[in-house]
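Written below as structure tokens is the structure these notes are about.
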Amino acid sequence: MDRRHFLQSASVAASAGALTAGLASAQEGQAVQGNNVQGAVMTGASGKAPQARRFVEQRWLIDNIIRANGIDWDQPRSIYLSAPCGVEANADFAAIRSRVQKFADCAPAFEATARRREAKARAAEEAKAVVTARDNYFMAAIHWGAAQWPFDENNEQNVAYNKRKRECYASYARLADHRVEAAWIPFQGKALPAWFHLPPGYQSGRVPVVVAVPGMDSFKETGVALYGDRWLNRGFAVLTIDGPGQYESPVLGIHVSMPAWQETGRAVVDWLTARPEIDPQRIGITGASFGSLFATIAAAHEPRFMACAVISTCLEPGCHTIFEEASPTYKQRFMYMAGIADEPTFDAFCKTLTWEGHAENIRVPYLWLAGEFDELSPLEHTERLFKTLQAPRHLVVYQDCRHSVGNVPAANLGPFPPTLMADWMAARFAGVPLTSERWFVEASGQIRKTPL
């Protein structure tokens, strides 16, 4: 079911067949024939669109909450989307926050902004203003991706937005100040979509690489900042992926499951070790929010990862809190990610969403950054994983912080979370030994350290 089924955009009302052809063209002739995009255009794996009971019954409540609290009612969406774009995008997101008064406003608000940014990019490129063009192509790609979020089926609008997102990001890559390539990771006869970034000024030799796994409501194009990226600035390459079930992957018929994520780590590392630019001994993986679970599963089944670092942890086995006690949009979207339309079937599937029986295999350094009062995945589950692992490990808990780590005094006065994560990974790449301990960052910025 299109979560905004009553809202149509005439500007993208092309036929499904034409959009499918356009998508294949946008993928630049890569080996995606096995992805069967044609069969995925209008439905998920089940042939139906999901309908979570709470989403249907509480739709009126969602609209009232948005009217009262704005687009960031369930998480700081406009913050994490604007962060990679830089300060120029602040006005974009201020206008979007003002425009969105109900759920149905989300996609049109982002679509309108994406169109404006894309038009500015094309005009700038025609005028030979390369920097302005690339900046606006990047921002347009982020807005097109954000416009996809309200859809839980591969209808014409979702596929069209995905196509425009890829086209804009490819144009950014063509003009970027560092080398950026579209990457397709062979996977189960199909291909996982990704973008491969090399650090600015790269000429030759082998460099470390970070595999960046986004969260449930984010996408690979947000994984590297337009300017001042924390990974690239430290001389690391970055592979940003949409893994099984994430954003572009279900458009291509690749859905989330634990077996799929077990295989993802191996597929990604195989691809990276075949690259002459990459040091095969220094491959790290990071994950945000639901990406924390996905990265954990990938690391548990791929020993060639050197280190794993996750933030805003989503590590409750079975995921009851996020699917049954939080915003109904989470369950609705994850059903789409899993390709499951029937809610009882999905509820049974959720029991498989656990690190238990997997994470015990991890033997490489592991970092968690978590909020004291995580409302989507209670901290006790992250603490339990911390105690279960046998590898060198480091847990950092921020006082008063909710699921999204940041925007509280502890994160502002204490170690800044993204910087801490990047410096931690740099130390692992440099071979610095890790002492296992738990940090509690107080609101004052002071750190209480407890050795394991």
Which residues qualify? For D400, with a placed amide H closer than 5 Å and at least 5 residues away or on another chain, they are E372, F373
Loop-resident trypsin sites (Lys or Arg not before Pro) in the range 41-128 with no more than 10 other Cβ atoms inside 10 Å, DSSP not H/G/I/E/B, are K128
Looks like the range 98-223, by Cα gyration tensor root eigenvalues a ≥ b ≥ c and the a/c under 1.5 rounded cutoff (else prolate when a/b is bigger than b/c, oblate otherwise), is oblate
Working note, the chain: Cα radius of gyration (Å, one decimal) and Dmax (Å, whole number) are 20.7, 60
The set of residues whose placed amide H lies less than 5 Å from the amide H of N154, leaving out same-chain residues fewer than 5 positions away, is T43, G44
Residue separation between R174 and L452 times 0.36 nm, minus their alpha-carbon distance, gives in nm 95.3 nm
Counting only residues 5 or more apart in sequence or on a different chain, those whose built amide H sits under 5 Å from that of V211 are L239, G284, I285, T286
Summing -39500 (n - 2.57) over every DSSP H run of at least 4 residues in the chain and dividing by its residue count gives a helix-only mean residue ellipticity at 222 nm, to the nearest 500 deg cm²/dmol, of -12500 deg cm²/dmol
Whole-Hz Karplus couplings 3J(HN,Hα) for the range 258-272, θ = phi - 60° and coefficients 6.51, -1.76, 1.60, Gly and Pro as x, run 5, x, 5, 6, 4, 7, 4, x, 5, 4, 5, 5, 4, 5, 5
In order over the range 116-133: 3J(HN,Hα) from phi, Karplus 6.51/-1.76/1.60, θ = phi - 60°, whole Hz, x for each Gly or Pro, gives 5, 5, 5, 5, 5, 5, 5, 5, 5, 5, 4, 8, 6, 8, 5, 5, 4, 4
About its Cα centre, the chain carries a charge dipole, from +1 on Lys and Arg Cβ atoms and -1 on Asp and Glu Cβ atoms, whose size in debye to the nearest 20 is 660
A chain fully extended from V131 to R53 at 0.36 nm per residue, minus the present Cα-Cα distance, gains in nm 23.4 nm
Relative contact order in percent for the range 123-251 (Cα pairs under 8 Å, 6+ apart) equals 22
Calc'd 3J(HN,Hα), the range 432-439, phi into Karplus 6.51 cos²θ - 1.76 cosθ + 1.60 (θ = phi - 60°), Hz, glycine/Pro = x, comes to 6, x, 10, 8, 5, 6, 10, 10
One finds the C-alpha centres of the range 77-155 and the range 184-203 to be spaced, in Å, by 24
Bridge orientation stat for the range 133-283 from DSSP, antiparallel percent rounded to 5, came to 65
One finds the C-alpha centres of the range 247-272 and the range 435-452 to be spaced, in Å, by 35
Contact order relative to length for the chain, counting C-alpha pairs under 8 Å separated by 6 or more residues, stands in percent at 14
So for R0 = 60 Å, FRET eff. of R67-T435 from the Cβ-Cβ r, to 0.05, ends up at 0.75
Expressed in nanometres to one decimal, the distance between label points 7 Å along Cα→Cβ at T388 and F373 is 2.7
In this structure, the FRET efficiency calculated for R363 and A123 from their beta-carbon separation, with R0 = 45 Å, to the nearest 0.05, is 0.25
Scoring only Lys, Arg, Asp and Glu (+1, +1, -1, -1) among other residues with Cβ under 9 Å from the Cβ of K220 yields -3
Ranked output for segments 260-270, 298-308, 86-96 by mean other Cβ atoms within 10 Å, highest leading, reads 298-308, 260-270, 86-96
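Rule-based calculations on the coordinates, nothing more; no lab input. Since the model is a prediction, treat every value here as computed from it, not as a measurement. Here the Cβ is made from the backbone with ideal geometry for all residues, glycine too, and neighbour counts use every protein chain on show.
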